[in-house]
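Encoded as structure tokens, the structure appears first; notes follow it.
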Amino acid sequence: MFTGIIQARGKVVQVTQSGQQAKLTIETSLVSDGTFKLGDSIAVNGVCLTVTDLTGTGFSADVMPETMLRTNFNQLASDAFVNLEPSLSVGQKLDGHFVLGHVDTTATLVSTQADEDSIRLRFQIGTEYEPYIVEKGSVAINGISLTVVSTSQSTFEVALIPYTLTHTNLGSLKQGDSVNIETDILGKYIVNMAKKGLTEKWTQR
């Protein structure tokens, strides 16, 4: 379980692909801080991974074929920066929103627009995920808990403050770049129950 509050950025130093799976090696100051240990969960660009190896400067994690298929990991290369968040501990302060680290899909940056002291980013997402993106609702983008500012057909917008721009990898996004999207888990259950309710009601007629 995560909250979408990024603790640090990490630098990808190696991506080793074997068939449809991969192994990532990432440098981060979180290792020297003793933030996590072997076997712990850590969100990398919003994807929950298991720490399988520790080095003096970072860690390694294995990536399954399903994860490679659903996320932007197939575009990761050496020297890329990723957002990192260790898993939530019992008793920790809850900021952001409940993030599971189970990425649904990717979205593409369509445009950026200055809005006083913030930047608005507009993303395009598959139409099948539209029901889960609602105005003023929560969404995790590359693992960052953000509020949806507006929605339209197949697109949505979020606004980033300067702190988020400088402390995460969203500040370096370019038009056409792909990001990982995890929609709000509460919204998923509500939409799923509504669909089942409507289906059952229709079949009982």
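Any read-out appearing in this document is the output of simple, stated calculations on the displayed coordinates, not a laboratory observation. These numbers were taken from a predicted model, which means no experiment stands behind them. Cβ sites come from the backbone with ideal geometry, for glycine too, and all protein chains shown count toward neighbours.
Values computed for the structure shown
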| quantity | calculated |
| --- | --- |
| Nearest-ten-degree value, helix 185-203 long axis tilted from longest Cα axis of the chain | 30 degrees |
| Distance between the stretch 1-19 and the stretch 20-96 - C-alpha centres, whole angstrom | 4 Å |
| Size of charge dipole - the stretch 8-86 - debye, nearest 20, with Cβ of Lys, Arg +1 and Asp, Glu -1, no other charges | 100 debye |
| In order through the stretch 70-83: 3J(HN,Hα) via Karplus (6.51 cos²θ - 1.76 cosθ + 1.60), integer Hz, x for Gly, Pro | 8, 10, 8, 5, 5, 9, 5, 9, 4, 6, 6, 9, 10, 7 |
| Net +/- balance of residues flanking residue 17 in space, Cβ distance below 12 Å, scoring K and R +1, D and E -1 | 0 |
| Correct choice for Rg/Rh (Cα atoms, Kirkwood Rh) that was computed from the model, options (i) 1.03; (ii) 0.97; (iii) 0.99 | (iii) |
| Most mobile of 124, 153, 14 in a GNM of the chain (Cα contacts under 10 Å) | 153 |
| Computed [θ] at 222 nm, deg cm²/dmol, the chain (DSSP H ≥ 4; -39,500 (n - 2.57); rounded to nearest 500) | -4500 deg cm²/dmol |
